[in-house]
1. State yes or no: is residue 157 assigned to a strand (DSSP E or B), open to solvent by less than 70 Å² (accessible area, probe 1.4 Å) and without any contact (Cβ under 8 Å) to a residue 24 or more places away in the chain?
2. Pick from segment 131-154 the residues that are of a type in the set (A, V, I, L, M) and at pLDDT below 95: which of them is most open to solvent (accessible area, probe 1.4 Å)?
3. Give the residues of segment 41-58 that are surrounded by 11 or more Cβ atoms within 10 Å (Cβ to Cβ) and closer than 16 Å to residue 186 by Cα, sorted by residue number.
4. Name the one entry in 94, 100, 164 that is surrounded by 15 or more Cβ atoms within 10 Å (Cβ to Cβ) and over 23 Å from residue 16 (Cα atoms).
5. Filter segment 155-181 down to residues that are charged (D, E, K, R) and under 16 Å from residue 86 (Cα atoms) and give me whichever is modelled with the highest pLDDT.
6. Among the residues of segment 15-34, what is the count of those that are of a type outside the set (A, V, I, L, M, F, W, C) and surrounded by 15 or more Cβ atoms within 10 Å (Cβ to Cβ)?
7. Picking from 63, 68, which residue would you name as being in contact (Cβ under 8 Å) with a residue 40 or more places away in the chain, charged (D, E, K, R) and within 30 Å of residue 122 (Cβ to Cβ)?
8. Every residue in segment 112-130 that is in contact (Cβ under 8 Å) with a residue 60 or more places away in the chain and either in a strand (DSSP E or B) or open to solvent by 50 Å² or more (accessible area, probe 1.4 Å) (or both), please.
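The values are calculated or read from the model by the stated rules, or taken from the named source; none is laboratory data. Remember, predicted model here, so these are calculated numbers, not experimental data. Every residue, glycine among them, receives a Cβ derived from its backbone with ideal geometry; neighbour counts consider all protein chains shown. Accessible surface areas use protein heavy atoms only, side chains included; no ligands, DNA or RNA. Shrake-Rupley method; radii C 1.70, N 1.55, O 1.52, S 1.80 Å.
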Amino acid sequence: MVHLNRLEGPALEAYLLLRRQMMVEAARIRNMDFRTAWDIPAPPDPQNVTYKSLLPGPKAALKIRDLKPSDLGITPSAANEYGYAYSLSAGENTAAIEKTIDNGRVLGIYGIVDNTSSPALLQVDVNVGDREARVWPVRPGQSEINDAMYFLDPIFVIQAQKLTIDLHMATAQTEKITWLGLFIEPKP
């Protein structure tokens with residue numbers, strides 16, 4: 001199993017490690033030390049990372065926020081500002097998302113929410129550059145508790161890298177998906 005339906009336990013640990021890795025990488029690509037980038041003395045030890053230990057201070061040069069559809073190069077649907085309705089055919093839908101990450105930015109994905117009443121999404125393939133970086137199987141309608149799926153192997157993509165996401169469907173239909181992720185950029 002590569003995903004869970006609650007952001008706790010292993011899924012929370014994967015999220016926190018993703019956040020930490022993204023913060024370290026963002027400081028590196030901006031040629032900043034961690035203290036300047038985040039107003040935190042140093043990155044917390046991976047075995048002891050907590051959400052609180054990753055909160056940027058008021059003098060941080062960078063900001064980390066939730067992923068928006070525009071960060072992925074998509075226009076949100078009117079019904080949900082963070083969701084997007086994909087009209088998909090049965091089978092593989094290549095390049096449902098295709099975006100080259102802007103300079104000085106880092107984008108991470110740790111899960112999805114499928115807001116479709118009868119989901120048909122079976123698999124998400126994430127490609128970085130010309131390589132397949134992740135394959136996330138998805139069980140349609142997997143949970144009665146929560147329609148969010150948190151991946152135990154989240155991914156981040158840095159500036160100038162091309163992100164392509166392919167979506168595999170059981171049947172042709174419109175699927176409404178919200179991407180759960182983080183985005184790092186310079187403060188304005």
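1. Working: assigned to a strand (DSSP E or B): yes; open to solvent by less than 70 Å² (accessible area, probe 1.4 Å): yes; without any contact (Cβ under 8 Å) to a residue 24 or more places away in the chain: no.
Against the criterion (assigned to a strand (DSSP E or B), open to solvent by less than 70 Å² (accessible area, probe 1.4 Å) and without any contact (Cβ under 8 Å) to a residue 24 or more places away in the chain), residue 157 does not qualify.
2. In the first step, residues of segment 131-154 are kept if they are of a type in the set (A, V, I, L, M); the result is 133, 135, 138, 145, 148-149, 152.
Cutting the leftovers down to at pLDDT below 95 gives us 138, 145, 148-149, 152.
Details: 138: 9, 145: 115, 148: 4, 149: 8, 152: 69 Å².
Across segment 131-154, the extreme among qualifying residues is 145.
3. 55, 56
4. Working: 94 fails: surrounded by 15 or more Cβ atoms within 10 Å (Cβ to Cβ); 100 fails: surrounded by 15 or more Cβ atoms within 10 Å (Cβ to Cβ).
Matching residue, one of 94, 100, 164: 164.
5. We begin by selecting, within segment 155-181, every residue charged (D, E, K, R); these are 162, 166, 175-176.
From the residues that got through so far, the ones that are under 16 Å from residue 86 (Cα atoms) too are 166, 175-176.
Numbers: 166: 97, 175: 89, 176: 87.
Per the criteria, the residue is 166.
6. First, pick out the residues of segment 15-34 that are of a type outside the set (A, V, I, L, M, F, W, C): 15, 19-21, 25, 28, 30-31, 33.
Right, trim to surrounded by 15 or more Cβ atoms within 10 Å (Cβ to Cβ) and you get 15, 19-21, 25, 30.
Selection size over segment 15-34: 6.
7. Working: 63 fails: within 30 Å of residue 122 (Cβ to Cβ).
Unique residue meeting the criteria: 68.
8. First pass over segment 112-130, keeping only residues in contact (Cβ under 8 Å) with a residue 60 or more places away in the chain: 112-116.
The answer is 112, 113, 114, 115.
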